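S.K.: Supplied in structure tokens, the structure appears directly below.
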Amino acid sequence: MSHYIVGDIQGCFRELEALLTQVAFNPASDSLWCVGDIVARGPDSRDALQFFYQNSDSVHTVLGNHDINLMAVLLGFRRPNPKDKLDELLADEQRFAWLDWLRHQPLLQQLKNSNTIVTHAGIYPWWQLDEATQYANDVKKVLAGGQFQSFMQELFGNFPKKWDSSLQEFDRYRFIVNAFTRMRYCNPDGELEFAQKDNPYDSSSQDSFKPWFKFWPESDNCLIFGHWAALMGETRREDVVALDTGCVWGQHMTLYNVESKKFFYQPAFSGK
């Protein structure tokens, strides 16, 4: 039995199929986790989402920002972005079944009997792991409960940008979701910066904002995330693994074997 984790799919379903074929993935014995963003921007979001929905006993995901946006679009709270190429998905009769499935997915997952932790964008560096787990569970309860639609209406926005344990209700939930699904840069005071998306190793910027994982303390856990294609997998740390390698932008998709710590790669079939 093997456990695999795949980077952002973003509608690149054929590349995912090729990767699973490459490792002879067996859903009867193996398991797959996605770091989030199953949908958007690629050509086959409908097929990618249906694959996860149909195989939920062995194929799993944490929520990414594009997955959350899709829920809001399906509820009619946000307009679809034509660049996301969601028309086929939005017209499908199963769309509300997918919505119900998505709202029950976690923001953070620690694999069973493992020190491997999966999130979409990372973990806010000023949270302990047990705190992060609790905050992720708090949001999961809201998503699955009666406040779901109110939550989705209040979710989107950049504020607050800094964690404070006294934050209440939707301000609190909004920060938690943004940290888990949108975070890239932050400063030593814990303030998130959402505008910067570049590769920090290529940037000439010398301001106080640094990649979040520069502030994340070293530990025996292995934290695996996606979201940041510009990194192309480079964190310069063994305990923090970046799996978004820009398949949807014409680069490649990355799959990671938890047991062997081996990486597998599938080039994009065409430039997106």
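Every number in this text was worked out from the coordinates using simple rules, so none of it is lab data. Computed from a predicted model, the values in this text were never measured in an experiment. For neighbour counting, all protein chains shown are included, and Cβ atoms are generated from backbone atoms with ideal geometry for every residue, glycine included.
S.K.: Near the amide H of GLN110, under 5 Å away, which other amide H atoms are found, from residues 5 or more places off or on another chain, if H is placed in the peptide plane?
M.R.: It is VAL118, by chain and number.
S.K.: Give the order of CYS222, CYS186 when sorted by the count of other beta carbons within 10 angstrom, beginning with the fewest.
M.R.: Ordered from fewest to most neighbouring Cβ atoms within 10 Å, CYS222, CYS186 come out as CYS222, CYS186.
S.K.: For GLN22 paired with PHE77, estimate the spin-label separation in nm (one decimal), with each label point 7 Å from Cα along the Cα-to-Cβ line.
M.R.: If labels sit at GLN22 and PHE77, their model points lie 3.7 nm apart.
S.K.: Each residue of the range 225-233 in turn: what ³J(HN,Hα) in whole Hz from Karplus with 6.51, -1.76, 1.60 and θ = phi - 60°, glycine and Pro shown as x?
M.R.: Coupling constants for the range 225-233: 9, x, 6, 10, 4, 4, 5, 6, x Hz.
S.K.: Classify the chain as rounded, prolate or oblate from the Cα gyration tensor: take a ≥ b ≥ c as the square roots of its eigenvalues, call it rounded if a/c is under 1.5, otherwise prolate when a/b beats b/c and oblate if not.
M.R.: Taking the square roots of the gyration eigenvalues as a ≥ b ≥ c, the chain is rounded.
S.K.: Add +1 for every Lys or Arg and -1 for every Asp or Glu among the other residues with Cβ under 13 Å from the Cβ of ALA132, and state the total.
M.R.: Net charge in that neighbourhood comes out at -2.
S.K.: Here is a further query. List the pairs from LYS161/LYS197; LYS197/LYS262; LYS112/LYS214; LYS85/LYS161; LYS85/LYS262; LYS112/LYS210 whose alpha-carbon separation is above 21 Å, in the order I gave them.
M.R.: LYS197/LYS262; LYS112/LYS214; LYS85/LYS161; LYS85/LYS262; LYS112/LYS210
S.K.: Still on this structure, please answer the following. Please report the antiparallel percentage of the DSSP beta bridges confined to the range 3-267, to the nearest 5.
M.R.: About 55 percent, rounded to the nearest 5.
S.K.: Explain nothing, just the number: dipole magnitude of the range 27-133 about its Cα centre with +1 on each Lys and Arg Cβ and -1 on each Asp and Glu Cβ, in debye rounded to the nearest 20.
M.R.: 300 debye
S.K.: Please give the charge dipole size of the range 3-267, origin at the Cα centre, charges +1 on K and R Cβ atoms and -1 on D and E Cβ atoms. Round to the nearest 20 debye.
M.R.: In debye, rounded to 20, the range 3-267 gives about 260.
S.K.: Which cross-chain or sequence-distant (5 or more) residues have an amide H under 5 Å from the amide H of CYS34, H modelled 1.01 Å from N in plane?
M.R.: HN-HN under 5 Å from CYS34: VAL6, HIS60, THR61, VAL62.
S.K.: Continuing with the same structure: For the range 3-267, calculate the relative contact order in percent as a whole number, restricting contacts to Cα pairs under 8 Å that are 6 or more residues apart. All intermediate terms of the calculation are to be shown ahead of the outcome.
M.R.: Values: 501 pairs, mean separation 59.2, N = 265.
Dividing the mean separation by the residue count of the range 3-267 yields 22 percent.
S.K.: Now for a different question. Report the relative contact order of the range 193-272, percent, no decimals, based on alpha-carbon pairs under 8 angstrom and at least 6 residues apart.
M.R.: Numbers: 109 pairs, mean separation 15.4, N = 80.
In percent, rounded to a whole number, it is 19.
S.K.: Please report the spacing between the Cα centers of the range 214-269 and the range 1-60 in Å, no decimals.
M.R.: 15 Å
S.K.: Something else now. Mind listing the long-range amide H neighbours of MET253? Cut-off is under 5 Å, sequence gap 5 or more, other chains count too, H placed in the peptide plane at 1.01 Å from N.
M.R.: GLN266, ALA268
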